[in-house]
1. Which fully enclosed helices (runs of 4 or more DSSP H) of region A:379-483 have 3 or more residues being among the hydroxyl-bearing types (Ser, Thr, Tyr), touching a residue at least 12 places away in the same chain (Cβ under 8 Å) and closer than 30 Å to A:Arg753 by Cα?
2. Looking only at residues in region A:646-668 that are farther than 26 Å from A:Arg163 by Cα and charged (D, E, K, R), which one is surrounded by the fewest Cβ atoms within 10 Å (Cβ to Cβ)?
3. With A:Ala496, A:Ala461 as the choices, which residue is open to solvent by 50 Å² or more (accessible area, probe 1.4 Å) and over 30 Å from A:Val574 (Cβ atoms)?
4. Has region A:575-586 got any residue that is at positive phi and at pLDDT below 90?
5. Is region A:651-659 home to any residue that is among the aliphatic types (A, V, I, L, M) and in contact with a strand residue (DSSP E or B) (Cβ under 6 Å, 6 or more places away or on another chain)?
6. What residue, of B:Pro166, B:Pro174, is in contact (Cβ under 8 Å) with a residue 60 or more places away in the chain and away from every other protein chain (no Cβ under 13 Å)?
7. Can you report the number of residues in region B:69-110 which are more than 12 Å from every other protein chain (Cβ to nearest Cβ), on the phi < 0 side of the Ramachandran plot and not polar (S, T, N, Q)?
8. Please specify each residue of region A:277-297 satisfying the condition of being part of a helix (DSSP H, G or I) and either within 12 Å of chain B (Cβ to nearest Cβ) or acidic (Asp, Glu) (or both).
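The values are calculated or read from the model by the stated rules, or taken from the named source; none is laboratory data. All figures in this text were calculated on a predicted structure; none of them were measured in a lab. Here Cβ is always computed from backbone atoms with ideal geometry, including for glycine, and neighbour counts include all displayed protein chains. In case anyone asks, the SASA skips ligands and DNA or RNA and just uses the protein heavy atoms, side chains included. Shrake-Rupley method; radii C 1.70, N 1.55, O 1.52, S 1.80 Å.
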Amino acid sequence: MTVLHRKLIRDLLGSIGMLLSVVIIIAIGTGSFIGMASAQRILEASRAAYYREYRFADFWVDVKKAPISALDRIARLSGVAVLDNRVVFDVILNLEGQVRPLAGRLISTPAGRFDRTLNGIHLVRGSGFSDDRNEEVILSEAFARAHHLRIGDRIELILNRKRESFTIVGTAISPEYVYMVRGPGDLIPDPVHFGVLYVKDSYAREVLDFKDACNQIVGSLAPGARGDMDVLLGRIDRALSSYGVLEITPRQRQASHRFLSDEITGLAVTATIMPAIFLGVAALVLNILMIRMAQRQRTTIGTLKALGYSDRSVMVHFLSFGLVVGIVGGLAGAALGTLLAYVMIEMYAEFFQFPRFVFRAYPDLLLIGMAISVAFAVAGTARGVWEVLKLRPAEAMREKPPERGGAIFLERFPRLWHVMGFRTHIALRTVFRNRTRTLTAVIATALSTAIIFMSMATYDAFLYLVDYQFDKVAHSDVDIGLRDEKSVLALFESRALPGVDYAEPLLGLRCDLRHGRNARRMTIIGLSSRHRLITPLRADGKPVQIPGEGLVLSRKLAELLGVRLGDSLELTPVRGRRETSRVRVASIVETFLGMDCYADVRYLSRIVGESLAVNSVQLAVSAPQVPVLYEAIKELPNAQGLSVRTDAKDIIETTLVETSLFSIGVMVLFAGMIAFGSTVNNALIEIGDRIREISTLRVLGYRPGQIAGILFRESMLTFMAGLALACPLGYGMLHLIAAAYDSELYRMPVVIRPIVVLYTFVLVALFVLLAQWIVLLQIRKLDWLQGMKVKE
Amino acid sequence: MPPMTAFNTAAVLRLERATRIFRMGEIDVPALVEADLTIAAGEFLTVVGPSGSGKSTLLNLVGGSDRPTSGRIWHGDCDLSSLSDNDLTEYRRAIVGFIFQFYNLVPTLTALENVQVATELVDNPLDPGEALDVVGLADRAGHFPAQLSGGEQQRAAIARALAKRPQLLLADEPTGALDLPAARKVLATLQRLNRSQQLTVILITHNPAIANVAGRVVRLASGRIVESRVNDNPIAAETVAW
């Protein structure tokens, strides 16, 4: 080891505090990059493996009821590789000891080779169906776990108006329900209130009157047929139209797949933006620090050159400084990133159920992270050293001439200037004279603040969404889906249920909406003219009364169809006479979950030409009566779906609180550390530059706190400027995030409540104050008698 | 790069109308103006003059740390003013030993290690411990600059300069920051090295009391050489007083 190496090590140890702040910033930048990018790749690889091994389908076709014989024609269509059919029904199930009936989705599945079909299921517990018994069920694992159900326990279902008791023979997960939601409109899996039930195929068809018939067809595409998916699905639609095609779902629109894909895409975006911001700030801070470090070694550089060291060897020596910082930062980042990836996957595992995660280290990510880290550190150092190296040794050995002096613009207002004390004067002059350093601090503060604001505002946006969807738009306490479409009589029956204060029918009409080349199959919800339990709201928050004619569309649906208020579109029901009529867009409303389309029920009946059936009823129930109502619903032969407003609301709120608090916590911590690191760094540079000034003030009798006050004033000036810049920045970021998450499944409302802004400012202020405390400690520690001797 | 033998070991330093002008923003500041000076090998020379008279500029020019704006500086038959940056580095490395007013020791290295900074540069250096011994600091080898007195720091700096076995020892106000007893020790060390090792020493100072420790005194004023006087009876460093 040469003497210069020893010097390097001692210099590194000597400025460990400052370097640590830089290492932390670099580690956060590279760590967030490595962590998020790894998590994204792990999710992607796990998904690919799962889909492949369990033959995740390419499309789903829901029909009212189709004979199996009708499927031969479809199976022969070019592009279709494998075609399966099954029976899928939403059911109500009862668990012993539970007052509340639960919602389930029954899926018929082959008894023996359920893992070999399309959308094969992966058995987690139990042994699967026995050969001789029929009343057996395999439950989704999350649901079983949520209710502590064990193999051998029994559950009760209402099937085809009859109560049937089933024995649990296994628990399973499936690629169809990686994210276990009922469909669009659900935001977060609710394994307590919704489970998937796999029942023996032969038995399900028998009990449900589907002998030699099915109501769902799933298929996979032949290799190379993916490009012609739309054409193929169009053919299938026409081939089956006489059986009432309720829904055709290509894989891209399948709810679980869509949520998972959105998450992976979102993560890819975040994995680029966040680390880029963190690393950008790290580069700026590092640059400032390294330039200062090199400048502080100006005399040493001059001396080394005078002794005969070449520019190259001096450069190499100082670059190793940056190299060490870069490598340490990169290594810390790799460790942090690996940990972050692991924690993120653990968190994802709560929502996305995979048989296993394909955990892998990604050496290329580690290398890229390391390279970025080293490049930033070395580039910062090189610039600093070069500033000094380009001087001749004789110049370099002289101390740097004093900084450009002169008055700053505020001094042109003597009245104002003289009101301020001399410590404010010093702070102001420093801030305005060291423009690059000030700018860096302002940018660091602004970005940190914006990131913290964005994290908190996103969280707040979801709280707003919940409040909007489940309090402002929806008012019914319990919705019951009905198995067979019923006349309005059903409404009167439901009014007679115990505990019901008020009931309203929902009349769903499945139809195609078409505008030019854009088409969507939607359920138009028919509301009575005096509906109260749903109040769609316009973007300005005003409630919309369903007009006597025309449709009311969600903004997202209107965008997808390319229609505006007053435009007209074609409406074709999927069943009955299937005649196309032209209807007008009477109103556009704002929804954040799924997509809705409303119309007056009489208007709908008129354009379809028949009186419509009731699909579900909405009930207003007074809270104490709810258990009584639950018991009554269990006895309802006709009920098949059940959703309870407060449950949906609660699950989103609790899940949001649990998961968001973690991710917000991480973001706030990361961003806070950046603000903290940058502030500490600036202040330490300031202290180093002004040892003599500070020492002189100490000799004169100033207390450390009073001197720290000067640095505090400087920090506050940059802090304020940072906050000012953070406002538009955070607002912009929030809009970007909202745009990124603007999907058919859900949209993020952009709302900014003053309390969020306040919280953000307080949080950032806390980090900056923490930094000030470190500064105060440094000033207390400063050997000011020695400081006096430092040569100018 | 010329081989180091090209620097004639017995060479004389020669300045020919050497001029150095510094550009400070809009104005030119002449630091040294048309200086003519010849220095013989083994000579002990003091350069005196008030602050800003061009002493340090002259020293930096002959030390290869700076280049003249015009005129030439010869070391033997080698024209320093025409050398590339790399060759100047070689020149400083092989020929020159520098001593600075504020010692310029690396604060994070011990006295011994500071000498090693120089010895690692050349092929046949003095043993660093020996170099410290020559300046009477053998027992302080493991101390960091902050643990040494000013005089000790300056002697460590002399050891560092010496350890490269330079031909030319250039000292810029080496006693400027020292008290009298420490200054005497430093000057005595320089006198001893000049006499015993035939080392050419150029010492600059603004302190007239020191001027007469050398065999020749050059006086500068406003960037011009105003006097070059041979001093036949150099005074012993121990008798210097101010």
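1. Numbers: elements: A:393-397, A:414-419, A:422-433, A:435-467.
Qualifying helices (runs of 4 or more DSSP H): A:435-467.
2. Taking region A:646-668 first, the residues farther than 26 Å from A:Arg163 by Cα are A:646, A:648-668.
Imposing the further condition that a residue be charged (D, E, K, R) reduces the set to A:649-650, A:653, A:658.
Numbers: A:Lys649: 16, A:Asp650: 16, A:Glu653: 16, A:Glu658: 11.
Restricting to residues being farther than 26 Å from A:Arg163 by Cα and charged (D, E, K, R), the top hit is A:Glu658.
3. Numbers: A:Ala461 fails: open to solvent by 50 Å² or more (accessible area, probe 1.4 Å).
None of the other options fit; the residue is A:Ala496.
4. Residues of region A:575-586 that are at positive phi, as a first pass: A:576, A:578.
Next cut, at pLDDT below 90 only: A:576, A:578.
Yes, region A:575-586 contains at least one residue that is at positive phi and at pLDDT below 90.
5. Of region A:651-659, the ones among the aliphatic types (A, V, I, L, M) are A:651-652, A:656-657.
Retained after the next criterion (residues that are in contact with a strand residue (DSSP E or B) (Cβ under 6 Å, 6 or more places away or on another chain)): none.
Checked against the condition, which is being among the aliphatic types (A, V, I, L, M) and in contact with a strand residue (DSSP E or B) (Cβ under 6 Å, 6 or more places away or on another chain), region A:651-659 yields no hits at all.
6. Values: B:Pro166 fails: away from every other protein chain (no Cβ under 13 Å).
When all the criteria are applied, what remains is B:Pro174.
7. Within region B:69-110, the subset more than 12 Å from every other protein chain (Cβ to nearest Cβ) is B:69-83.
After this cut, where a residue has to be on the phi < 0 side of the Ramachandran plot as well, the list is B:69-70, B:72-75, B:77-83.
With the extra rule that they be not polar (S, T, N, Q), the set shrinks to B:72-75, B:77-80, B:83.
Number satisfying all stated conditions: 9.
8. The first filter runs over region A:277-297 and keeps only residues part of a helix (DSSP H, G or I), leaving A:277-296.
Of everything in region A:277-297, just one residue is part of a helix (DSSP H, G or I) and either within 12 Å of chain B (Cβ to nearest Cβ) or acidic (Asp, Glu) (or both), namely A:Arg296.
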